[in-house]
1. Across region 335-354, what is the total count of residues that are open to solvent by 10 Å² or more (accessible area, probe 1.4 Å), in contact with a Leu (Cβ under 6 Å, 6 or more places away or on another chain) and assigned to a strand (DSSP E or B)?
2. From Leu108, Leu143, Leu119, grab the single residue that is under 40 Å from the mean Cα position of the chain (by Cα) and in a loop (DSSP other than H, G, I, E, B).
3. Could you please give the count of residues in region 289-307 that are open to solvent by 50 Å² or more (accessible area, probe 1.4 Å), closer than 30 Å to Ile254 by Cβ and at pLDDT 90 or above?
4. Considering only residues that are open to solvent by less than 60 Å² (accessible area, probe 1.4 Å), closer than 11 Å to Thr32 by Cα and more than 35 Å from the chain's Cα centre (by Cα), which ones fall in region 70-93?
5. Being in a loop (DSSP other than H, G, I, E, B), over 25 Å from Ala130 (Cβ atoms) and hydroxyl-bearing (Ser, Thr, Tyr) narrows it down to one residue among Thr28, Thr69, Thr48; which is it?
6. When residues of region 361-397 are filtered for being surrounded by 16 or more Cβ atoms within 10 Å (Cβ to Cβ) and either modelled with pLDDT of 95 or more or touching a strand residue (DSSP E or B) at 6+ places or on another chain (Cβ under 8 Å) (or both), how many remain?
7. For region 173-261, list the helices (runs of 4 or more DSSP H) that sit wholly inside it and hold at least 1 residues that are farther than 30 Å from Pro275 by Cα; which are they?
8. Could you check, for region 200-207, whether at least one of its residues is β-branched (Val, Ile, Thr) and modelled with pLDDT of 90 or more?
Amino acid sequence: MEPFVLGWREWVALPQLGLPALKAKVDTGAKTSALHAFSIEPFGPIDTPRVRFGVHPVDYHDEIEVWCTAKIVDRRQVRSSNGQVEQRYIVHTPIRIGGREWPVEISLSNRHTMAHRMLLGRTALEPQSATIQPWSEYRQEKLSYDVYSSEELGAPSRRSLRIALLTMEPGNFSNKRFIEEAARRDHVIEPINTLRCYMNIRSIASAVHYEGKALPNFDFVIPRIGASITAYGAAVVRQFEMTGARVLNSAQAIVQSRDKLFAHQLMAMHKLPMPDTAFASSHHDTDDLIKMVGGTPLIIKLLQSSQGKGVVLAENRKSAASVIDALRNAEASFLVQQYISEASGQDLRCLVLDGKVVAAMVRRARGDEFRANLHKGGFALEAKLTAEERKIAIKAASRLGLKFAGVDILRSAKGPLLLEVNSSPGLEGIEKTTGADIAGQVLDYIEQGAYRARPRLKKAA
C-alpha cells in the first residue's frame with residue numbers, strides 16, 4: 001500500500017452526513033476529532049439516541065446550512081486546545097480523504113470562532129498509519145465548495161429524520177401507522193398534542209413552545225388537525241412554517257379545505273364539476289335556496305363538518321325549511337346542495353399524494369343510510385378510477401394547495417362530481433380495502449423532501 005501522506009490541512013468528505021467537501025485542520029496534538037456544529041439537539045429513545053445538528057460547511061460563509069443526523073455513541077468531556085473542558089456528543093461516521101475511506105469518531109462542538117470547520121485528531125489517523133508533513137498542505141485530492149451550489153451534490157445519504165406529529169389522538173390507526181413506518185425506517189416521530197402548543201410570535205426567532213420550553217427543530221411536521229380545532233391547529237402549523245419547518249400540508253391549505261363555502265367557491269372558479277350548491281344568510285331566501293339546487297330531496301351541510309357528521313338529507317320542502325330555519329336560529333353556517341339520487345349512497349374516496357392518486361375505494365352506505373362514510377357504518381371496495389375521476393381528484397387537491405388529501409367524488413348521470421376534499425384523511429379504511437401502504441408512501445414523500453432540502457441558503461434577517 002502506498003504511504004498515506006497528509007499536510008497540515010486537507011480536504012475531507014463525510015458522505016453519510018451529506019458533507020461532500022470540508023477543509024480540516026490535521027492536529028496530532030488533539031486526541032479527538034471535532035466538527036463545528038450548531039443547534040445540536042439530541043432526540044429519540046434512550047436505548048438508541050440520535051442527534052440532529054446543523055453545519056456551515058464553507059469557511060466564512062454561514063449562509064450555507066446543511067442539516068445532519070447521526071446516532072450518538074457517547075457523551076464525554078473533551079478538552080479543547082485552549083484548555084476549556086466541554087461535554088460533547090460523539091458520533092461515528094465514515095470519513096473520506098483522497099482514495100481512502102474509514103470510520104472515525106467525531107465530537108460535535110460549536111467551533112464558530114475557529115478557522116476550520118473540522119479538526120482531525122490523532123485517533124482518527126492511527127488506523128491509516130498516516131504520515132504528517134506539517135510544512136505542506138493538501139497532499140491528497142482537492143475538493144471544491146462548488147458542490148454546495150450545484151447539481152454535483154447528487155442524492156444525499158439516508159439519515160434518521162426527526163418528525164413532529166401534531167395530533168390529539170396519537171393512538172388512532174392512522175397515527176400508529178405513521179409512527180410504526182417511521183420507526184421501521186430508523187426515523188423518530190414525536191406525537192405533540194396540538195392544543196398544548198403555544199406560540200412566541202416575533203419577527204426574529206419565532207418559536208413553538210410545549211410543556212414549558214421551546215420545541216426543537218424538526219425535519220418535517222405531519223399535521224393531523226381535527227375539524228373542531230381547525231383555527232388553532234392551523235395557527236400552530238403556520239408557526240412551525242415560520243420557524244422554517246417543512247410541513248406535509250400547509251396551514252393555508254388546511255384552512256381552505258376546511259372552509260366548505262370557500263372550498264366550493266374555489267372549485268367552481270377552477271371549473272371543477274360539483275353538485276349544485278347554494279348559500280344564503282336571510283330566512284327570506286329559503287324558498288329560492290331550495291329551488292337553486294333543483295328542489296327536494298336535498299342535502300344540508302354544516303360548514304364545519306367531517307366524517308358524515310352535520311350532514312342531513314331533507315326529503316321534502318317542509319323538512320328542508322324546518323332544518324334550515326333551525327340551523328339559522330342556532331346561528332350555524334351551512335350549505336344546501338343538490339342530492340344526486342343515482343349515486344345510491346355511494347361515493348369514491350381518492351387519496352392524493354404529491355399530485356398522484358395513490359389509492360381509491362368505493363364507499364357504500366348500508367340500508368337506508370345515504371352517507372357512505374365508513375364512520376357511519378358504510379363498507380368499502382377497491383375502486384378502479386376513470387381518467388376523468390383521477391384528473392378531478394388531482395386537480396382538486398392541487399387547487400387547494402394540499403400535498404396529501406382525501407378527495408370524495410360522486411358518480412352521477414352527468415359524470416363525476418366533486419363532493420369535498422379532506423386535508424387529514426384516515427388511513428384505516430383505504431389501507432385495509434386496497435392493501436396499499438399509504439403510510440409508507442407518505443414517508444417516501446417526507447424523505448424526498450427532507451433529503452432534497454440540503455444544503456439550503458439561510459435567509460438574511
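The values are calculated or read from the model by the stated rules, or taken from the named source; none is laboratory data. Nothing here was measured: the structure is a model prediction, and the numbers come from that model. Positions of Cβ are backbone-derived with ideal geometry, glycine not excepted, and every protein chain shown enters the neighbour counts. Side chains included, ligands, DNA and RNA excluded: accessible areas come from the protein's heavy atoms. Shrake-Rupley method; radii C 1.70, N 1.55, O 1.52, S 1.80 Å.
1. Counting residues in region 335-354 that are open to solvent by 10 Å² or more (accessible area, probe 1.4 Å), in contact with a Leu (Cβ under 6 Å, 6 or more places away or on another chain) and assigned to a strand (DSSP E or B) gives 1.
2. Details: Leu108 fails: in a loop (DSSP other than H, G, I, E, B); Leu119 fails: in a loop (DSSP other than H, G, I, E, B).
The unique qualifying residue is Leu143.
3. The total comes to 1.
4. Answer for region 70-93, where residues must be open to solvent by less than 60 Å² (accessible area, probe 1.4 Å), closer than 11 Å to Thr32 by Cα and more than 35 Å from the chain's Cα centre (by Cα): Val78, Ser80.
5. Working: Thr28 fails: over 25 Å from Ala130 (Cβ atoms); Thr69 fails: in a loop (DSSP other than H, G, I, E, B).
None of the other options fit; the residue is Thr48.
6. Of all residues in region 361-397, those surrounded by 16 or more Cβ atoms within 10 Å (Cβ to Cβ) come to 361-365, 370-374, 376, 378, 380, 383, 385, 389-390, 392-397.
Now drop any that are not either modelled with pLDDT of 95 or more or touching a strand residue (DSSP E or B) at 6+ places or on another chain (Cβ under 8 Å) (or both), which leaves 361-365, 370-374, 378, 380, 383, 385, 389-390, 392-397.
Counting residues in region 361-397 that are surrounded by 16 or more Cβ atoms within 10 Å (Cβ to Cβ) and either modelled with pLDDT of 95 or more or touching a strand residue (DSSP E or B) at 6+ places or on another chain (Cβ under 8 Å) (or both) gives 22.
7. Numbers: elements: 173-184, 230-242, 251-258.
Helices (runs of 4 or more DSSP H) meeting the threshold: 173-184, 230-242.
8. Our first condition is that a residue be β-branched (Val, Ile, Thr); within region 200-207, this holds for 201, 204.
From the residues that got through so far, the ones that are modelled with pLDDT of 90 or more too are none.
No - not one qualifying residue is present in region 200-207.
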